[in-house]
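The values are calculated or read from the model by the stated rules, or taken from the named source; none is laboratory data. Keep in mind that this is a model prediction, so the values were computed, not measured. Neighbour counts are summed over all protein chains in view; Cβ atoms, including those assigned to glycine, are modelled from backbone coordinates with ideal geometry.
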Amino acid sequence: MAVRCGSDNPHSLAPAPDEVAITQTLRPARCGIGSGNRFWYYGRLKYHFGLRARRTATDAFGVLQRREIDRTARLTGRVLKASPKRSSAALRNHRMTTRTPLNAALLRPEILPHHERGGGVTTIPLVTRALGGGFISGYTSFKAGAEVPFHSHNCAESIVLMDGLAILDIDGQQYELKPHDVTYIPAGISHRFRNASKTATMTILWIYADANATRTVTATGASHPVETEHGNTARTERPPQ
């Protein structure tokens, strides 16, 4: 864009009509007396057109949003209201579990709820009964020196040591596990896992062959569904508090 300032040169580039109004408003009182005035003048023009471009983009987005709402209403027969801004909790819910068109799911452990089970043991449920699978899985972390009591399950269980060092107590024996070691434990077999380190955290990935898996404490005989350890048997995908 070129702006004429007191020039009668017929070959000068003429400004657009909307630019004429702007130049009349923003033109310095004295033109060409110094580079400072010229820098201020062109800076104001740049700011004005940038601001107008941002406003135009915002208006265009609003039009597209209203068109999408109208299209959805036509397809579903329902009238939806625009939500200009989602709360942080709503965004966490949206990102927590991603469903594909064929009902597969993508889970993000870093934003899934963490459940403190006491004694330095924390569980993150992954595949749950709410997802409709025939099994359940999750991560459990053990703080330094933490352990769970001897127990058994009503179904087969597989454990993968993700990181740290662990000790498996089973059949009166102790077995040391290193990262990526895998165990298979049949139903009804009493066992427990311990963190072998006194300084580092140990994490396991557990998989139960039945979505209705139970835990029976060997010492007391008390039994409960595994999902009750996660705070909610019906739906565990809750936003973290």
Checklist entry - Is at least one residue of segment 216-228 exposed (fewer than 15 other Cβ atoms within 10 Å of the Cβ) and of a type in the set (A, V, I, L, M, F, W, C)? => result yes
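To keep it simple, each residue is scored yes or no on (1) farther than 12 Å from SER158 by Cβ; (2) among the hydrophobic types (A, V, I, L, M, F, W, C).
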| position | (1), (2) |
| --- | --- |
| GLN174 | yes, no |
| HIS180 | yes, no |
| THR183 | no, no |
| PRO186 | no, no |
| ILE189 | yes, yes |
| ALA196 | yes, yes |
| ALA200 | yes, yes |
| VAL217 | yes, yes |
| GLY221 | yes, no |
Next on the checklist: Looking at segment 200-224 only, could you name the residues that are closer than 17 Å to HIS114 by Cβ and either in a loop (DSSP other than H, G, I, E, B) or modelled with pLDDT under 95 (or both)?
Outcome noted: THR201
Checklist entry - So, of the residues in segment 89-114 that are in a helix (DSSP H, G or I), in contact with a Pro (Cβ under 9 Å, 6 or more places away or on another chain) and of a type outside the set (A, V, I, L, M), which turns out to be modelled with the lowest pLDDT? => result ASN93
Checklist outcome for this item: Picked from segment 142-164 (must be farther than 11 Å from TRP206 by Cα and within 27 Å of the chain's Cα centre (by Cα)), the residue surrounded by the most Cβ atoms within 10 Å (Cβ to Cβ) is PHE142
Next on the checklist: Yes or no: segment 225-241 includes at least one residue that is of a type outside the set (Val, Ile, Thr), in contact with a Ser or Thr (Cβ under 7 Å, 6 or more places away or on another chain), assigned to a loop (DSSP other than H, G, I, E, B) and in contact (Cβ under 8 Å) with a residue 24 or more places away in the chain.
Outcome noted: yes
Item to check | Flag if THR123 is under 17 Å from ALA209 (Cα atoms), β-branched (Val, Ile, Thr) and under 24 Å from the mean Cα position of the chain (by Cα) | outcome: no
Item to check | Lone qualifier among ARG117, ARG108 - being surrounded by fewer than 19 Cβ atoms within 10 Å (Cβ to Cβ), among the charged types (D, E, K, R), in contact (Cβ under 8 Å) with a residue 12 or more places away in the chain and closer than 24 Å to ALA166 by Cβ | outcome: ARG117
Checklist entry - How many of the residues making up segment 173-199 are part of a strand (DSSP E or B), surrounded by 13 or more Cβ atoms within 10 Å (Cβ to Cβ) and charged (D, E, K, R)? => result 2
